[in-house]
Amino acid sequence: TESNGPASASGSTLFQLNVAINSAKFVPNVARGAPPDLLCEVAFDGNTKRTETRKKTWKPAWNEDFTLLVTARSKLDFKLMKPSRSSATLFCQGSVDLLQKLTESNGLLRNKKLTIPLAAEGRPDGQRLGELLVTLTCDQVNMSAIQQQSQQSTGAATGDSNNSGEDLPPGWEMRRDARGRPYYVDHNNRTTTWERPSPLPPGWERRTDPNGRTYYVDHNTRTTTWQRPSTNLLQAQQNFQDWRNAQNFQDFANRFINMPGAGGAGNADAGSGSETGNGTAPTAGTGGSSTTGSGSEDGGLGPLPEGWEKRIDPQGRAYFVNHRNRTTQWEDPRRLGNLKPDEERPLPEGWEIRYTREGLKYFVDHNTRSTTFTDPRTGINVHPSATMQYERHFQWKLGQFRYHCQSNALQGHVKIQVSRQNLMEDSFHQIMRIDPVDLRKRLYIQFKGEEGLDYGGLAREWFFHLSHELMNPMYCLFEYASNNNYSLQINPGSSINPDHLQYFRFIGRFIAMALYHGKFIDNGFTLPFYKMMLNKPLNLKDIETVDNSYYNSLLSIRDSDLEECDLGMYFSVDYEVLGEIREHELKPGGRDIPVNNDNKEDYIQLIVEWRFRRGVQEQMNAFLNGFKEVIPLEWLRYFDERELELMLCGMQEIDVDDWERSTIYRHYNRSSKQVQWLWRFVRELDNEKRTRLLQFVTGTCRLPVGGFAELIGSNGPQKFCVEKCGKETSLPRSHTCFNRLDLPPYKSYEQLKEKLLYAIEETEGFTQE
């Protein structure tokens, strides 16, 4: 809405504000070290706008204009961000109270130039890091209407502030910043917050560990946390826990949802929601009408079994009550077809029915502490083809895979020499020249022009950087799954490269090598891609993992009555490849077959198959052929798609406490001041710089499933090591083959921080001592 006069913009009316983000400058003690890449983001009323990134400068100048739709009470938050490959980290920020500026200018902003102080996040009293220059422009705003609204709300605001006049907890103090805004200082932890602290909830206690750090003890659940609890936080956690428990119970209740014959079109008595509806069936005592007794007949299914009753819940969904067992369920017992008189009898004393994660029923005998698939009432095995060895944890599966790799290992080594400037082409030609079986030999990677010896560290870096190159969408071999999902899938337009099948065969070999040698890659594929690798069937849920909006549209087709709302759909789809619109028939003659209630399930399944296989079947076959040349796919038969992703990509989240616990020291100890400074430095880093530090020392920014305790060195497990080495004027050095950091005995924390930052941001290449 554009403002056209004085009466058109009040406190809640939207109007257009032109914001020109000009430039930023920093104080001298901040503008040191390597200049960063910076962009500026302005956030307002839940919306954001971003400038372009200015590369490697302490004096960024954007000079970009944005038109924002705001109200007079909007607050403009300006954030300077350091972009990375997948995210952006906050560097500093400042804000503008738009109402204050409008009041100062009598409601009219004409090229109003502002200098906004920049400070670190969450530090209203913190050191000023620099300033941001912006220009604001808008038409006349009716300030009298805004002032009237402010006066009307003054009484309520005053009452609220009086109600919050409780005493602050011990060690807290209220202060006001330069603009008069109250904030609160926690002298216990030396932190500040905008939110007024409240007393600890009942059953909580504040304690201090031997290092002087404050933590909180919940005597109700016998747990501890570093975060100060509040009533709102505990309520939010309880709501989340209740929601998660309800979801788990709902998933368990819907375990028969895909059984043949359930929820079909012939279920005239239950309706479309009775057997496929979400949620848990109501208990026998809840509200709802009883529509049939034990002798009712409908839909040609015959009477309900003795002791069963069909009821309707308040939402109109049918459910079934078993009065013998006092249980309820959504499934019609006549459709399940497996209720026999013997199964209606109660279990013997000490027996219990349970279900596996796959929904299989089994029986627990607490008398002998044993389990069985045989029903003790009938003596019949309820799942003749099933075995009780259904649960295998990930570590067991990984051990089986490693056993296959070690038992098929070859003696000797294979040398791969590449240049960093031509990494992809050099690697492609060398790997495709080598006999695939020889790729199981120990790898010896050498970067041209570097003297480093590969005891595992160079190989980790080679896998990491080459995977980053291969999966770059700019090469047209892979593409992002959707606009907001950066997992990778095969690009149907990759056929524009005449050698694309050879490249996919090469990528298959490379991925197999990463799994065989236990190395991680930089970015992963979509979960449906891993399912296709494992030859598992695709379903509608797989669409949700890559494109939520497309998934919701398919859900609406599935749940709609297509006889009432004619969507004009046929068994054919149009799609674009390299600017050309093509048509694909989902089945022979599909362009003439309309989609209706009877065939919409077939249509959705065909759409799912087409969505993941369209134009990529040849590429996928080439990838799998290259993979099988190195290791057989049968070695992966125990894994599901998520476990395969974890084994290939590792874990990206870094737990600093686990890192510190799993570190060993040489010529230092845990109480050395340099070691204390090191962990202080690591905790102050953002996640991006932590991964850079991890890559600087180990050669990769990913972790094994077991965390830092399972880091691998040249000859097996090798913990992270910090060794005292060099002079205080030297830079830190790393030994990626041995996960070792050589840390000189620096004299101050500032010196250690400066040297480490320079090392992790500027180092490239290997040499020998």
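Filter region 431-483 for residues that are among the hydroxyl-bearing types (Ser, Thr, Tyr), touching a residue at least 60 places away in the same chain (Cβ under 8 Å) and under 26 Å from Ser495 (Cα atoms) and give the result.
Of everything in region 431-483, just one residue is among the hydroxyl-bearing types (Ser, Thr, Tyr), touching a residue at least 60 places away in the same chain (Cβ under 8 Å) and under 26 Å from Ser495 (Cα atoms), namely Ser482.
Here's the yes/no breakdown for (1) farther than 25 Å from Ser482 by Cβ; (2) in a helix (DSSP H, G or I):
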{"residue": "Asp561", "(1), (2)": "yes, no"}
{"residue": "Asp574", "(1), (2)": "no, no"}
{"residue": "Leu606", "(1), (2)": "no, yes"}
{"residue": "Trp610", "(1), (2)": "no, yes"}
{"residue": "Gly615", "(1), (2)": "no, no"}
{"residue": "Asn621", "(1), (2)": "no, yes"}
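Just for region 508-533: of the residues that are over 19 Å from the mean Cα position of the chain (by Cα) and of a type in the set (Gly, Ala, Ser), which one is nearest to Thr698 (Cα to Cα)?
Once the filter is applied, the top-ranked residue is Gly518.
When residues of region 571-590 are filtered for being surrounded by 14 or more Cβ atoms within 10 Å (Cβ to Cβ) and of a type outside the set (Val, Ile, Thr), how many remain?
Residues in region 571-590 being surrounded by 14 or more Cβ atoms within 10 Å (Cβ to Cβ) and of a type outside the set (Val, Ile, Thr): 7 in total.
Name the one entry in Asp218, Asp160, Asp125 that is at pLDDT 80 or above and not basic (Lys, Arg).
Being at pLDDT 80 or above and not basic (Lys, Arg) holds for just one of Asp218, Asp160, Asp125, which is Asp218.
Please list, ordered by first then second residue, the pairs with beta carbon atoms under 7 Å, 6 or more apart or interchain, first in region 550-570 and within 16 Å of Asp602 (Cα to Cα) and exposed (fewer than 13 other Cβ atoms within 10 Å of the Cβ), second small (Gly, Ala, Ser) and modelled with pLDDT of 80 or more.
none
Whether any residue in region 70-89 is at pLDDT below 90, under 20 Å from Leu136 (Cβ atoms) and of a type in the set (A, V, I, L, M) is what I want to check.
Yes, because at least one residue in region 70-89 is at pLDDT below 90, under 20 Å from Leu136 (Cβ atoms) and of a type in the set (A, V, I, L, M).
Looking only at region 673-695, count every residue that is over 29 Å from the mean Cα position of the chain (by Cα), over 20 Å from His735 (Cα atoms) and touching a residue at least 12 places away in the same chain (Cβ under 8 Å) and tell me the total.
So the answer is 1.
Of the numbered conditions (1) in a loop (DSSP other than H, G, I, E, B); (2) modelled with pLDDT of 85 or more; (3) touching a Cys at 6+ places or on another chain (Cβ under 9 Å), Leu741 satisfies every one except a single condition; which is it?
(1)
Scan the strands (runs of 3 or more DSSP E) fully inside region 68-134 and keep the ones with 2 or more residues being of a type in the set (Val, Ile, Thr) and closer than 22 Å to Ala31 by Cβ.
Result: 109-119.
Considering each residue of region 169-190, count those that are modelled with pLDDT of 80 or more and surrounded by 12 or more Cβ atoms within 10 Å (Cβ to Cβ), and give that number.
Total satisfying the criteria: 7.
Mind checking which residues of region 100-120 are in contact with a helix residue (DSSP H, G or I) (Cβ under 9 Å, 6 or more places away or on another chain), surrounded by fewer than 18 Cβ atoms within 10 Å (Cβ to Cβ) and not β-branched (Val, Ile, Thr)?
Answer for region 100-120, where residues must be in contact with a helix residue (DSSP H, G or I) (Cβ under 9 Å, 6 or more places away or on another chain), surrounded by fewer than 18 Cβ atoms within 10 Å (Cβ to Cβ) and not β-branched (Val, Ile, Thr): Asn106, Leu108, Lys112.
So Tyr575 passes all but one of these: (1) touching a His at 6+ places or on another chain (Cβ under 7 Å); (2) more than 26 Å from Ile496 (Cβ to Cβ). Which condition number does it fail?
Evaluating Tyr575 over (1) touching a His at 6+ places or on another chain (Cβ under 7 Å); (2) more than 26 Å from Ile496 (Cβ to Cβ) leaves (2) as the failure.
On the given criteria, is Pro28 under 22 Å from Pro117 (Cβ atoms) and at pLDDT below 85?
yes
If we scan region 195-210, do we find a residue that is modelled with pLDDT of 60 or more and of a type in the set (S, T, N, Q)?
Yes, region 195-210 has at least one match.
If we scan region 640-655, do we find a residue that is part of a strand (DSSP E or B), farther than 27 Å from Glu754 by Cβ and not acidic (Asp, Glu)?
Checked region 640-655: at least one residue is part of a strand (DSSP E or B), farther than 27 Å from Glu754 by Cβ and not acidic (Asp, Glu).
Do any strands (runs of 3 or more DSSP E) lying entirely in region 327-391 carry at least 1 residues that are at pLDDT below 75 and touching a strand residue (DSSP E or B) at 6+ places or on another chain (Cβ under 6 Å), and which ones are they?
Hits in region 327-391: 351-355.
I'd like the full set of residues that are surrounded by 12 or more Cβ atoms within 10 Å (Cβ to Cβ), in a loop (DSSP other than H, G, I, E, B) and in contact with a strand residue (DSSP E or B) (Cβ under 9 Å, 6 or more places away or on another chain), limited to region 191-234.
Listed by number, the residues that qualify are Arg196, Pro197, Leu200, Pro201, Arg228, Pro229.
Checking Tyr486 against (1) aromatic (Phe, Trp, Tyr); (2) surrounded by fewer than 20 Cβ atoms within 10 Å (Cβ to Cβ); (3) touching a Cys at 6+ places or on another chain (Cβ under 8 Å): exactly one of these is not met. Which one?
With (1) aromatic (Phe, Trp, Tyr); (2) surrounded by fewer than 20 Cβ atoms within 10 Å (Cβ to Cβ); (3) touching a Cys at 6+ places or on another chain (Cβ under 8 Å) applied to Tyr486, the lone miss is (3).
Give the residue that is farthest from Phe520 (Cα to Cα), with candidates limited to residues of region 472-483 that are surrounded by 17 or more Cβ atoms within 10 Å (Cβ to Cβ) and at pLDDT 85 or above.
Leu477
Any residue at all in region 43-53 that's surrounded by 18 or more Cβ atoms within 10 Å (Cβ to Cβ), at pLDDT 90 or above, more than 14 Å from Leu17 (Cβ to Cβ) and of a type in the set (Val, Ile, Thr)?
yes
Conditions: (1) within 34 Å of the chain's Cα centre (by Cα); (2) in a strand (DSSP E or B). Asn63 meets all but one. Number of the miss?
Failing condition for Asn63: (1).
Pick from region 593-647 the residues that are of a type in the set (S, T, N, Q) and modelled with pLDDT of 90 or more: which of them is nearest to Ala409 (Cα to Cα)?
Asn625
Where the second residue is surrounded by fewer than 19 Cβ atoms within 10 Å (Cβ to Cβ) and acidic (Asp, Glu) and the first is closer than 16 Å to Lys673 by Cα and lies in region 740-760, which pairs have Cβ atoms under 6 Å and are six or more apart or on separate chains?
Asp742/Glu723; Pro744/Glu728; Pro745/Glu728; Tyr746/Glu728; Lys747/Glu728
The values are calculated or read from the model by the stated rules, or taken from the named source; none is laboratory data. These numbers were taken from a predicted model, which means no experiment stands behind them. With ideal geometry, Cβ positions are generated from the backbone for all residues, glycine too; neighbour counts draw on all protein chains shown.
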